[in-house]
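Visitor: One structure follows; several queries about it will come next.
Derivation of every value follows stated rules applied to the coordinates shown; laboratory data play no part. This is a predicted model, so every value here is computed, not measured. Glycine also receives a Cβ, built like all others from the backbone with ideal geometry; neighbour counts cover every protein chain displayed.
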Amino acid sequence: MILRMAIDRGLKGRDRLLLHIERTGQTIAGDIVWTARELAAIPHRTNVAIAHKARQFGLVPTLRIWSDADTVRLRRRYVTGTPIQTLTQMFDGKTPKQIWSKASHMRYRRPRCPPKLTGHPLIDSLRRRAYDLRITMAELDAFVGRKRYFAGVRHIGLC
């Protein structure tokens, strides 16, 4: 019984989606749907071939493919800590999300930021020394037996 109700609900949702596509000519994401008449005008072609030809004619946005030269330029700048705004100006047509996504996919790492000052010289010196030794604040908390003393300084009123 429960399974049948779930199937009915799924079918109703499918019907609602198809009605929306038929009424507007677009998917819920806003992508334009090819009509049967348009597809019949281009016989013996796959959807991929039609989409490729539409890109060639400039009817749809071009694919944003990274070249090898762009990847090398990204690595040089990204790992040195160049601000994202500068990178978006260097790579026209790329958003900060696309730049971060490509760098993450290629496993490029940005340099670590130094710890923020808390105003307490002892805590600041401990945090700075841990940063110099490449110890994370979470590891420093584990050393002293606390949960979030160094890592969550803003929560204990020291900022």
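Visitor: Just subtract the alpha-carbon distance of residue 24 and residue 80 from 0.36 nm times their residue separation and send over the number in nm, one decimal.
Guide: 15.4 nm
Visitor: Put +1 on the Cβ of every Lys and Arg and -1 on every Asp and Glu Cβ in the chain; which of 56, 99, 17 then has its Cα farthest towards the positive end of the dipole?
Guide: 99
Visitor: While we're here: Taking residue 116 as the anchor, which lysines have their alpha carbon closer than 25 Å to its alpha carbon, excluding any fewer than eight residues away along the same chain?
Guide: 147
Visitor: Could you give me the ³J(HN,Hα) list for segment 37-52, computed from phi with Karplus coefficients 6.51, -1.76, 1.60 and θ = phi - 60°, whole Hz, x at Gly and Pro?
Guide: 5, 5, 5, 5, 5, 10, x, 6, 10, 7, 4, 5, 5, 5, 5, 5
Visitor: Straight-line reach only, C-alpha to C-alpha below 25 angstrom: list the lysines that residue 94 could link to, leaving out same-chain residues fewer than 8 apart.
Guide: Partners within reach: 53, 102.
Visitor: Now a separate question. Assuming R0 = 30 Å, can you tell me the calculated FRET efficiency for the pair residue 147 and residue 113, based on Cβ-Cβ distance, to the nearest 0.05? Please report the intermediate quantities before stating the final value.
Guide: Working: r = 22 Å, r/R0 = 0.74.
E between residue 147 and residue 113, to the nearest 0.05, is 0.85.
Visitor: Mind sorting out which of (1) 19.0, 63; (2) 26.6, 76; (3) 17.2, 59 is the real Rg and Dmax of the Cα atoms in Å computed from the coordinates?
Guide: Answer by label: (2).
Visitor: Right, next: Using only the Cα atoms of segment 34-80, build the gyration tensor, take square roots of its eigenvalues as a ≥ b ≥ c, and label the shape rounded, prolate or oblate: rounded if a/c is under 1.5, else prolate if a/b is larger than b/c, else oblate. If you can, show how the numbers build up before the last one.
Guide: Working: a/c = 4.86, a/b = 4.11, b/c = 1.18.
Cα axes put segment 34-80 in the prolate bin.
Visitor: Sticking with this one: Name the long-range amide H neighbours of residue 108: under 5 Å, sequence gap of 5 or more, or other chain; modelled H, no Pro or chain starts.
Guide: Long-range HN contacts for residue 108: none found.
Visitor: Can you compute the charge dipole magnitude of the chain about its Cα centre, using +1 on each Lys and Arg Cβ and -1 on each Asp and Glu Cβ, nothing else charged? Give it in debye, rounded to the nearest 20.
Guide: Magnitude of the dipole: close to 440 debye.
Visitor: If you don't mind, another one. Counting pairs of alpha carbon atoms under 8 Å apart in space and at least six apart in sequence, what relative contact order in percent does the chain give?
Guide: Relative contact order for the chain comes out at 10 percent.
Visitor: How many angstrom lie between the C-alpha centres of segment 27-53 and segment 70-97?
Guide: Here the two parts' Cα centres lie 35 Å apart.
Visitor: Describe numerically, in nm with one decimal, the distance between label points set 7 Å from Cα along Cα→Cβ at residue 66 and at residue 98.
Guide: Simple spin-label model gives 1.2 nm for this pair.
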